[in-house]
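Notes follow once the structure below has been shown.
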Amino acid sequence: MNASESPPRRRRSRRTKSMVVAVVLAVTGSLVYATTSQGRPSGTEGTVPLGTVVPQPVKVSTDEGVAFDLEADDAIYASQGSASAKAAAEFLAGLLRKPTGYALPVRSLSPGDDPEGIVLSLGGKNAVTKKEGYQLDIDSGSVRIRADDRGGLFNGVATLRQLLPVKVERQQKMAGPWRVQGGRISDAPRYGYRGAMLDVGRHFMPVKNVKKYIDTIARYKVNNLHLHLTDDQGWRIAVKSWPKLTEIGGKTGVGGMLGGYFTQADYKDIVQYAAARGITVIPEIDGPNHAHAALASYAELNCDGKALEPYTGFAQSPDGNLCVDKDITYKFLDDVIGELADLTPGPYIAIGGDETQNRSKAEMDTYFGKVNKIVKKHGKKPYGWMESAGSMPKKGSLSEYWAPGISDDELIAAGKAGGKVVLAPSSKAYLDMKYTEDYPEYPVGQTWGGTVTVEQSYDWNPDTHLKGLPAKAVAGVEAPMFTETLFGIHQVEDLAFPRMLAIAEIGWAKESSHDWKTFAPRLAAQGPRLREARVNYYLDPGVPWPMGS
Ligand code: TNX
């Protein structure tokens, strides 16, 4: 039986309640809720309308008067033998146990079983065929999420999370009911790549704060975290074969502030934490420029054999240039990328390429030709900023667009030859740009890409943004967060949210649903959720924030 043909089911213990609602409805013709004999409200009072989700789902149909109540004895079922279904179920249980105070055991779902409660099923007979898509069915007896892949289940969970009452975000036990509006959501993303980039190079951020950032982006179906681990001002990942990278290069930060680094165990912890929320980590080792921290750590990496003094300036270091003609440069990269590849389950290693305007075409070809081979040798695929596009094999390449006029022609040529492009235009998607010039004394954020309100960050189309790039070459979108001006998670969040939600919406929702007038109130409804989750965000005056924001 196709999922769309399955009859609505009723949970026996809940039938009385539903019948009361039906009777009241029949009598009044308009009431949508009633009070049961136990005095508990029922029906759909206070539920989140299914269409309020960010990013907007593809298809929503509401069953008026039907609702699911999560109860103390409910369980979460996951397809038998599926590690992915179990992971999504554990993630959901982890979100719900604290605020509800319910045990919510994760149980195995045997083929053919159709239990009440929350059911996550992977594969088998279902109507979801699109990658990362899911179908969410809510009736009085159960909440069912079906998907064909791991990403789909996590995306379904992200939607369900937003359909629960705002109090689900509290990190303490709250009183029920835990009621979800009945209906069906059928959903799948517009683009496969929906990324956030976080620069821990300029100012280091401890594991716990990176995890908090992951927690927030996961709510909005972002599926890649591009971690900018190295830059002129700091090297943030321990490399066993080159220990001075962190002993020396890890000490500094912009202005001499917030140095530090991740041990390999820390990095693994971040990778696992992200994976447990449906997010793949893409580590970045920047080069051939933005490499001052490495050049300060090891004399032999420098063309003249002399170690640089550590750099704590604000702008790109003029000296942070790896020596592209030295063999040791590639021995170094082979070791670093090899260790990183071993710690990284995702398919990509980012290899930098940004701000290489001082490099000749020959230098770029040498560097990226060799690094490409190293990345492949370690079983991964390279991901580069747009400057590298002309020096990488076009077919199968993945490049990130960030500003106009840098290497547009090379990027377009790569796109036409089968390469893929992630769009991160600084005038729209750079989260480190200020929202407004109104507070010049507030030293957080930059303006080189312009100031960017939330509405402006939403106002673009990845398929047409770079004229000449075929739409089929667009892999998706990314919102980079560079941290030269940022001290700590509070400031990072202030700039990231809510603009990250606008970029997530663009990366997910259908092009035909793109409309600020409908997006703004949906976005606004996230205010109280972010507030409850203790996520800092900017109360952009262009968004109709409700009470509790
Ligand atoms: C440009 S964007 C850079 C970064 C800076 C950023 C500041 C890019 C690929 N390179 O090195 O941190 O601007 O917004």
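The values are calculated or read from the model by the stated rules, or taken from the named source; none is laboratory data. Since we're looking at a predicted model, the values are computed, not measured. All Cβ positions, glycine included, derive from the backbone under ideal geometry; neighbour counts span all protein chains shown. These area figures cover heavy atoms from the full protein model, side chains too; ligands, DNA and RNA do not enter into them. Shrake-Rupley method; radii C 1.70, N 1.55, O 1.52, S 1.80 Å.
Checked against the criterion of being acidic (Asp, Glu), in contact with a Gly (Cβ under 7 Å, 6 or more places away or on another chain) and over 13 Å from ILE185 (Cα atoms), segment 92-114 contains not a single residue that satisfies it. Exactly one residue out of ALA350, ALA362 is within 16 Å of the ligand (Cβ to nearest atom) and aliphatic (A, V, I, L, M): that is ALA350. Can GLY313 be described as within 15 Å of the ligand (Cβ to nearest atom), open to solvent by less than 40 Å² (accessible area, probe 1.4 Å), modelled with pLDDT of 95 or more and more than 18 Å from TYR367 (Cβ to Cβ)? Yes. Could you check, for segment 105-127, whether at least one of its residues is among the aliphatic types (A, V, I, L, M), within 24 Å of PRO528 (Cβ to Cβ) and free of Cβ contacts under 8 Å to residues at least 60 places away in the same chain? Yes, segment 105-127 contains at least one residue that is among the aliphatic types (A, V, I, L, M), within 24 Å of PRO528 (Cβ to Cβ) and free of Cβ contacts under 8 Å to residues at least 60 places away in the same chain.
Residues checked against (1) surrounded by fewer than 16 Cβ atoms within 10 Å (Cβ to Cβ); (2) within 16 Å of the ligand (Cβ to nearest atom); (3) among the aliphatic types (A, V, I, L, M):
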| position | (1), (2), (3) |
| --- | --- |
| GLY384 | no, yes, no |
| GLY396 | yes, no, no |
| SER407 | no, yes, no |
| ALA417 | yes, no, yes |
| VAL421 | no, yes, yes |
| LYS428 | no, yes, no |
| LEU431 | no, yes, yes |
| TYR439 | yes, no, no |
| PRO443 | yes, yes, no |
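When every residue of segment 122-131 is checked against the conditions, none turns out to be surrounded by 20 or more Cβ atoms within 10 Å (Cβ to Cβ) and modelled with pLDDT of 95 or more. Sub-9 Å Cβ pairs linking a first residue in segment 303-316 that is touching a residue at least 40 places away in the same chain (Cβ under 8 Å) to a second residue that is within 16 Å of the ligand (Cβ to nearest atom) and open to solvent by 60 Å² or more (accessible area, probe 1.4 Å), at least 6 apart or interchain, are TYR311/ASP319; THR312/MET257, ordered by first then second residue. GLU284 fulfils the conditions (1) within 16 Å of the ligand (Cβ to nearest atom); (2) among the acidic types (Asp, Glu); (3) open to solvent by 40 Å² or more (accessible area, probe 1.4 Å) except for a single criterion, (3).
When restricted to residues that are under 19 Å from TYR348 (Cα atoms) and not acidic (Asp, Glu), segment 169-200 contains 9.
Taking the listed residues GLY369, GLY384, the one that is within 31 Å of the chain's Cα centre (by Cα) and within 29 Å of GLY278 (Cα to Cα) is GLY384, with no other qualifying. Listed conditions (1) within 25 Å of ILE489 (Cβ to Cβ); (2) in contact with a helix residue (DSSP H, G or I) (Cβ under 6 Å, 6 or more places away or on another chain) are all met by GLU441, apart from (2). Taking segment 299-351 as the range and being among the aliphatic types (A, V, I, L, M), assigned to a loop (DSSP other than H, G, I, E, B) and closer than 22 Å to VAL375 by Cβ as the test, the residues that pass are LEU322, VAL324, ILE351. Every residue in segment 496-517 that is touching a residue at least 40 places away in the same chain (Cβ under 8 Å) and of a type in the set (Ser, Thr, Tyr), please. Result: SER513, single match. Please indicate, with yes or no, whether at least one residue in segment 99-109 is in a loop (DSSP other than H, G, I, E, B), among the small types (Gly, Ala, Ser) and within 25 Å of LEU523 (Cα to Cα). No, every residue in segment 99-109 fails to be in a loop (DSSP other than H, G, I, E, B), among the small types (Gly, Ala, Ser) and within 25 Å of LEU523 (Cα to Cα).
When the criteria are applied in full, GLU355 meets the requirement of being within 16 Å of the ligand (Cβ to nearest atom) and among the charged types (D, E, K, R). Among residues that are more than 16 Å from the ligand (Cβ to nearest atom), buried (at least 18 other Cβ atoms within 10 Å of the Cβ) and closer than 22 Å to MET205 by Cβ, ILE412 is not included.
Counting the residues of segment 446-455 that are in contact with a helix residue (DSSP H, G or I) (Cβ under 8 Å, 6 or more places away or on another chain), open to solvent by 10 Å² or more (accessible area, probe 1.4 Å) and in a loop (DSSP other than H, G, I, E, B) gives 3. Looking only at segment 281-298, residues that are among the hydroxyl-bearing types (Ser, Thr, Tyr) and assigned to a loop (DSSP other than H, G, I, E, B) come to 1 in all.
Each row is one residue, and each column tells you yes or no for (1) open to solvent by less than 10 Å² (accessible area, probe 1.4 Å); (2) over 20 Å from the mean Cα position of the chain (by Cα); (3) without any contact (Cβ under 8 Å) to a residue 60 or more places away in the chain.
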position: ARG236; (1), (2), (3): yes, yes, yes
position: SER241; (1), (2), (3): no, yes, no
position: LYS244; (1), (2), (3): no, yes, yes
position: TYR273; (1), (2), (3): no, no, no
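Please verify whether segment 171-184 includes one or more residues that are within 30 Å of PRO283 (Cβ to Cβ) and crowded, with 22+ Cβ neighbours inside 10 Å. Looking for residues that are within 30 Å of PRO283 (Cβ to Cβ) and crowded, with 22+ Cβ neighbours inside 10 Å, one finds none in segment 171-184, hence no. Kindly indicate whether any position in segment 522-529 is open to solvent by less than 50 Å² (accessible area, probe 1.4 Å) and in a loop (DSSP other than H, G, I, E, B). Scanning segment 522-529, I find at least one residue that is open to solvent by less than 50 Å² (accessible area, probe 1.4 Å) and in a loop (DSSP other than H, G, I, E, B), so the answer is yes.
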